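Engineer: Quick one: the structure is below, and I'll ask about it shortly.
The values are calculated or read from the model by the stated rules, or taken from the named source; none is laboratory data. Keep in mind that what you see is a predicted model, and the values were worked out from it rather than measured. Positions of Cβ are generated from backbone atoms using ideal geometry, with glycine treated the same way; all protein chains shown enter the neighbour counts. These area figures cover heavy atoms from the full protein model, side chains too; ligands, DNA and RNA do not enter into them. Shrake-Rupley method; radii C 1.70, N 1.55, O 1.52, S 1.80 Å.
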Amino acid sequence: QVQLVESGGGLVQPGGSLRLSCAASGSIFSISRMGWYRQAPGKQRELVAVISNGGSTNYADSVKGRFTISRDNAKNTVALQMNSLKPEDTAVYYCNYYARVALGRGEYDYWGQGTQVTVSS
């Protein structure tokens with residue numbers, strides 16, 4: 001059983017920074033894609049950033065130039081550095097792994113429980 005745990009959320013003023021981290025417990029054979037998603041009240045969950053096992057990244061237009069995703073393949077962790085935060089970045093942030101738990105098994109999506117990020121003065 002793979003479990004993901006996010007950390008690093010909180011309350012920050014506009015223009016401030018936060019760093020989110022996600023770590024996995026349980027047996028993982030490989031992770032082809034790691035990502036961060038967010039869901040604001042009354043809105044659908046949306047992609048924030050993803051990173052492949054080769055290091056290729058993709059960002060939502062709304063966060064380009066402000067957020068940076070990174071991964072540590074040795075530790076199976078992913079981080080999201082968020083700078084120049086805006087009130088519209090307020091949401092619950094979820095990490096996501098598309099992973100295989102054993103050789104010969106299929107790849108599946110795994111999700112963390114979410115961490116609240118609030119940007120407000």
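Engineer: For the stretch 22-44, what are the residues that are closer than 28 Å to residue 102 by Cβ, open to solvent by 60 Å² or more (accessible area, probe 1.4 Å) and under 14 Å from the mean Cα position of the chain (by Cα)? If you could, list the steps in order and put the result at the bottom.
Structural biologist: Here is the first cut: in the stretch 22-44, the ones closer than 28 Å to residue 102 by Cβ are 22-37.
The next check asks that each one be open to solvent by 60 Å² or more (accessible area, probe 1.4 Å); those that pass are 27, 29, 33.
Answer for the stretch 22-44, where residues must be closer than 28 Å to residue 102 by Cβ, open to solvent by 60 Å² or more (accessible area, probe 1.4 Å) and under 14 Å from the mean Cα position of the chain (by Cα): just 33.
Engineer: Would you confirm whether or not the stretch 30-37 contains a residue that is assigned to a loop (DSSP other than H, G, I, E, B), out of contact with any Gly (no Cβ under 9 Å at 6 or more places or on another chain) and not basic (Lys, Arg)?
Structural biologist: Step one: filter the stretch 30-37 for residues assigned to a loop (DSSP other than H, G, I, E, B), giving none.
No, the stretch 30-37 contains no residue that is assigned to a loop (DSSP other than H, G, I, E, B), out of contact with any Gly (no Cβ under 9 Å at 6 or more places or on another chain) and not basic (Lys, Arg).
Engineer: Could I ask something else about it? Please enumerate the residues belonging to the stretch 63-109 that are aliphatic (A, V, I, L, M), outside any strand (DSSP E or B) and more than 15 Å from residue 10 (Cα to Cα).
Structural biologist: 63, 74, 101, 102, 103
Engineer: Going through the stretch 67-121 one residue at a time, which ones are over 13 Å from the mean Cα position of the chain (by Cα), of a type in the set (A, V, I, L, M, F, W, C) and open to solvent by 40 Å² or more (accessible area, probe 1.4 Å)?
Structural biologist: Hits for the stretch 67-121 are 74, 103.
Engineer: Please go through (1) under 30 Å from residue 15 (Cβ atoms); (2) assigned to a strand (DSSP E or B); (3) of a type in the set (S, T, N, Q) for residue 121 and return the number of the only condition it doesn't satisfy.
Structural biologist: The number of the failed condition is (2).
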